[in-house]
Each structure stands twice: as structure tokens, then as C-alpha cells.
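Below you'll find the structure, written out as C-alpha cells, and then a few comments.
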Amino acid sequence: MRLKDKVAIVTGGAMGIGKGIVTVFAREGAKVVIADVNTEAGQATERELRDHGFEVFFIRCDVSNEEDVKAMIQKTIERYGALHILVNNAGIGVYKSITEATREEFERCLAVNLIGPFLCSKYAIPHIKASGGGSIINIASVHAVQNVGGTAPYAASKGGLAALTRAAAIDVARDNIRVNAICPGWIDTPLVRGIFASSPDPEGMRRQVERRQLLGRLGTPEDVGYAALFLASDESSYITGSLLFVDAGMTAQLETW
Ligand SMILES: NC(=O)c1ccc[n+]([C@@H]2O[C@H](COP(=O)([O-])OP(=O)(O)OC[C@H]3O[C@@H](n4cnc5c(N)ncnc54)[C@H](O)[C@@H]3O)[C@@H](O)[C@H]2O)c1
């Protein structure tokens, strides 16, 4: 029970990595708000975890909408009376080259993946401070530090999120709030299954990606959940402003060697 009596918000918690984080946090005794734009999936995840006896609560929220974010934080405080942990996980993949991407696509990607974490952090921080301090965890990506072609909007959003992590860590350190980011590699989620599905041979692409991983498999949402648990708990009390790679060594390799 490493998060006993802690209150956490996980954006994009209805499915994929977010659901993995919600599950790990709830098992460790946290009260967890699932803040997601997908009501059907959010309610299903809420039901599933409540059936296991966990304290979770779904609130519909589009993280790119300032009014939604304010209302979601307010409802969290009304329900649980405190806030200690924010996980900025909600994100979308916009995989287009710099010449293919339209301005609208680029802006939408930044709105969800970068402005969303900004808004959620901005409105959560006063409550985390009032609750005695806590931890903000941004789910960035390996794309924050290394890139491939055809991903300009996504790469820019995740690079920006890594920089926002450092800047925010400096701003709130004296409020006893730590801010870190996790950079996942290939994690088996609906988003990644969508990437496989868009290739002419989805199963072949999955096997090829698996073979290329140093550890021989894709990551699971709970692999990221346990990294988030470490950053959320007091076990990481001397860590702030850092990036934690959950990527099976992907960024450790010189691919073109
Ligand atoms: N899966 C991977 O391999 C991988 C790798 C690196 C980083 N990431 C990052 O991890 C995060 C989660 O990815 P995933 O693979 O679980 O994605 P996913 O698409 O499987 O799930 C994303 C969740 O976020 C929600 N969401 C989307 N837009 C939202 C919005 N505007 N407001 C609130 N909720 C919204 C969706 O409804 C969904 O529940 C993303 O930030 C993604 O960029 C994923």
C-alpha cells in the first residue's frame, strides 16, 4: 500500500497506459480519478476496478479544454478533499512529416499532448501544494529525445513536454512538488494496435517490432504503471526534473552503427 490515502488524477486513464497506471495506483491504496474524453471507456474502466473493490471515479474531461480541466480538478477536490498526484498521460499520435502535416493537425497534437499537461498542472498545483505536496508525472515518449521521420507534430509535442517537465520542476520545487516524465518505448495499447492495423500486414509488423526490442517483447501498460508508482511514491523523494526511460533499452542503442 505505497500510495495509501493518496489522491491521484490520471488523464487518459480509460484505456492503454493510463488504465495500467490507474490499476497499479488503486492496488497500492490510492483514490484515483480517471479523467478521460471517452465516456464509454472511462465508465467501463471505473466499473471494472470498482468491482475489484478499488476506489476510482470517472470524470469526463478533454484536457485541451480549459473549462473541462478546471471543472475536473474541482470535482476531484469536492469528492476526495485533497490532491497529491497528477499523471499527465492523455495523448494522441499524429504521425505526419513536416511537409504533410497541416497546421490544424499540428495544433491539435500540441493542444492535447502539451497544452493539456500545462493546463492540468496549472490548475492542480495549488491543490497539491495545499495538500502538503506531491508528484506530477508527465508521460512523454522516446520521441522526446530521438526521432524517426514522419512524426513531426508528435515529436514536437513530446520534446516540449520534456522541457515543460524540467521548467515546472524548478518552479514548484519549494512547494514540495516533484515533476518528472516517463519516456515509454513500444507499449501494447490501443494506440499501438492502431499503428499495426494501419500497416498492410499487422501481425507481421507486430512480430518485427517485437524482434527489434532488446528484451524481445512490447511493454505492458503496467510496466509503465510501476515506473509511475515509483515516481508517485516517497521512494523517489530526491528525484525531480528527470526523464525515466521505460523503453527496453531502445534509446541506449546506436541504430545506424
Ligand atoms: N503506447 C506506446 O507505445 C506509447 C509510447 C510512448 C508514449 N506513449 C504516450 O503514452 C500516453 C498514452 O498512450 P496510449 O498508448 O495508452 O494511448 P491510447 O490511445 O491507447 O489511450 C489514450 C487515452 O487518452 C484518452 N484521450 C485522448 N485524447 C484525450 C483528451 N483530449 N482528453 C482526455 N483524454 C484523452 C483516450 O480516450 C484514451 O483513453 C500518450 O501520451 C502517448 O503519447 C505511448
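The values are calculated or read from the model by the stated rules, or taken from the named source; none is laboratory data. Keep in mind that what you see is a predicted model, and the values were worked out from it rather than measured. Backbone-built Cβ (ideal geometry, glycine too); neighbour counts: all protein chains shown.
Table: residues versus (1) over 24 Å from Cys61 (Cα atoms); (2) buried (at least 24 other Cβ atoms within 10 Å of the Cβ).
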| residue | (1), (2) |
| --- | --- |
| Gly116 | no, yes |
| His127 | no, no |
| Gly149 | yes, no |
| Ala169 | yes, no |
| Val179 | no, yes |
| Cys183 | no, yes |
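Do we have Ala101 as assigned to a loop (DSSP other than H, G, I, E, B), of a type in the set (Gly, Ala, Ser) and surrounded by fewer than 19 Cβ atoms within 10 Å (Cβ to Cβ) here? Criteria not met by Ala101.
Only residues that are closer than 20 Å to Tyr123 by Cβ and more than 6 Å from the ligand (Cβ to nearest atom) were counted in the range 11-20, giving 1.
From the list Ala35, Ala8, Ala26, Ala90, pick out the single residue that is closer than 22 Å to Ser198 by Cβ and surrounded by 18 or more Cβ atoms within 10 Å (Cβ to Cβ). Please lay out each step first, then the result.
Details: Ala35 fails: closer than 22 Å to Ser198 by Cβ; Ala8 fails: closer than 22 Å to Ser198 by Cβ; Ala26 fails: closer than 22 Å to Ser198 by Cβ.
That would be Ala90, the only listed residue that is closer than 22 Å to Ser198 by Cβ and surrounded by 18 or more Cβ atoms within 10 Å (Cβ to Cβ).
Here's a check for you: in the range 199-216, which residue that is free of Cβ contacts under 8 Å to residues at least 12 places away in the same chain and in a loop (DSSP other than H, G, I, E, B) is surrounded by the fewest Cβ atoms within 10 Å (Cβ to Cβ)? Only one residue fits best here, namely Pro200.
Which members of the range 182-208 meet the condition of being aliphatic (A, V, I, L, M) and under 26 Å from Gly160 (Cα atoms)? Ile182, Ile187, Leu191, Val192, Ile195 - these are the residues of the range 182-208 that are aliphatic (A, V, I, L, M) and under 26 Å from Gly160 (Cα atoms).
Quick one: is Ile128 more than 12 Å from the ligand (Cβ to nearest atom), part of a helix (DSSP H, G or I), assigned by TED's automatic domain parsing to the domain that holds Asn88 and under 25 Å from Thr11 (Cα atoms)? Don't jump to the end; show me each part of the working.
Values: more than 12 Å from the ligand (Cβ to nearest atom): yes; part of a helix (DSSP H, G or I): yes; assigned by TED's automatic domain parsing to the domain that holds Asn88: yes; under 25 Å from Thr11 (Cα atoms): yes.
In short, yes.
Only one residue in Glu78, Glu66 is surrounded by fewer than 16 Cβ atoms within 10 Å (Cβ to Cβ) and within 13 Å of the ligand (Cβ to nearest atom), so which one is that? Answer to the check: Glu66. Evaluating Thr189 against the criteria (1) over 15 Å from the mean Cα position of the chain (by Cα); (2) touching a residue at least 24 places away in the same chain (Cβ under 8 Å) leaves one unmet condition, (1). Condition check for Lys31 on (1) free of Cβ contacts under 8 Å to residues at least 60 places away in the same chain; (2) more than 12 Å from the ligand (Cβ to nearest atom); (3) within 16 Å of Glu222 (Cα to Cα): one failure, at (3).
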